[in-house]
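The values are calculated or read from the model by the stated rules, or taken from the named source; none is laboratory data. Just so we're clear, the structure is a prediction, and the values are computed from it rather than from any experiment. Reconstructed Cβ throughout: ideal geometry from the backbone, glycine too, with neighbour counts over all protein chains shown.
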């Protein structure tokens, strides 16, 4: 997080420590000088005392010597006593002056300490206020579509909900939801759990959008992400190990070519591991109230018994993503080219094939705005899409277990044409 003067919090703390260190060094130097002065004064007094004791011993030794004239030692004694008295008189003001100086320095030090504390507290207050401001500012921005959507993520059937029985519509699992009312307009096996395959990456995109504050930050393609994509025979965006792209570019690599390499790299960037990231995914599912039937075990959509949801669950995940301005933009891109990297100086060009193919058919009913496909052998071809019809109505459609990518597209064309307004 950057502060108002352009420094991050680590640099601010470093500068504050340096300033405190300099002040402590100055205080130590002043105290050392004072201590040396006090020691010197004490030594001087001790020498004077020893001299007096020697003078007393000399007088005792010579007490029997009588003379009309004052003995010589008396004169010496008088001179020593006078000198000692003068020294005592001289040293006393010095001691008092040093004591006053020490007291003044102590007061100054206390004032400095209090001022430092006040400055630190003010700085902490400023940083806290700035953090709150940044936190509020960095919350995912809502898309324009969100203003048209019904609240909540619990769509309901109603008396006009139509069962989809058309033989030429192949998908085994279907739900068509009016996003403006949250009503289920048409359905087939909509409450049966299924494997969402790479539609999973819509949730991966949504969690990343909420967790990554600065989309310009570089994300490195990791060896573990490369290995995961290779072992699972997943789609890849063509990244090379060690290659760095912005987080935003990585999101496009995750959605358009359905890159498992980018998805896992993002998961590790956000949470340190894919497993920790999956915890965030399932927490988001709970936040949406879809955890009764939806659960995720990886961020890619690889087939797993613990990775499942209904088409209704996926429609509501898509709805939440469409409410996020960044997710809406990524899911709506027909093509995209990443920024340059050392490995790809011209960037990586990619396409959303579903959107590019369906645009040849959607004029009859409206425009399919956003989409994400998926495929695994045990789940067939599936897709989630968002359409604004010619009448201005907004619908979310999810299909699962079709017999191919083109048949999946035809299912979406036919359902939108027959079951929307």
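Please specify each residue of the stretch 140-169 satisfying the condition of being surrounded by fewer than 19 Cβ atoms within 10 Å (Cβ to Cβ), touching a residue at least 24 places away in the same chain (Cβ under 8 Å) and under 20 Å from residue 382 (Cα atoms).
163, 166, 168
All but one of (1) surrounded by fewer than 16 Cβ atoms within 10 Å (Cβ to Cβ); (2) farther than 25 Å from residue 220 by Cα; (3) touching a residue at least 40 places away in the same chain (Cβ under 8 Å); (4) more than 29 Å from the chain's Cα centre (by Cα) hold for residue 312; which doesn't?
(1)
Using the structure shown, decide if residue 297 is over 23 Å from residue 397 (Cβ atoms), without any contact (Cβ under 8 Å) to a residue 60 or more places away in the chain and either crowded, with 16+ Cβ neighbours inside 10 Å or not assigned by TED's automatic domain parsing to the domain that holds residue 258 (or both).
yes
Give the residues of the stretch 348-368 that are assigned to a strand (DSSP E or B), in contact with a helix residue (DSSP H, G or I) (Cβ under 8 Å, 6 or more places away or on another chain) and touching a residue at least 60 places away in the same chain (Cβ under 8 Å), sorted by residue number.
Scanning the stretch 348-368 gives a single hit, 350.
Restricted to the stretch 386-398, and to residues that are part of a strand (DSSP E or B) and free of Cβ contacts under 8 Å to residues at least 60 places away in the same chain, which residue is farthest from residue 322 (Cα to Cα)? First the steps, then the outcome.
Step one: filter the stretch 386-398 for residues part of a strand (DSSP E or B), giving 386-389, 394-398.
When the remaining residues are screened for being free of Cβ contacts under 8 Å to residues at least 60 places away in the same chain, the result is 387-389.
On the way: 387: 11, 388: 13, 389: 16 Å.
Of everything passing the filter in the stretch 386-398, 389 is farthest from residue 322 (Cα to Cα).
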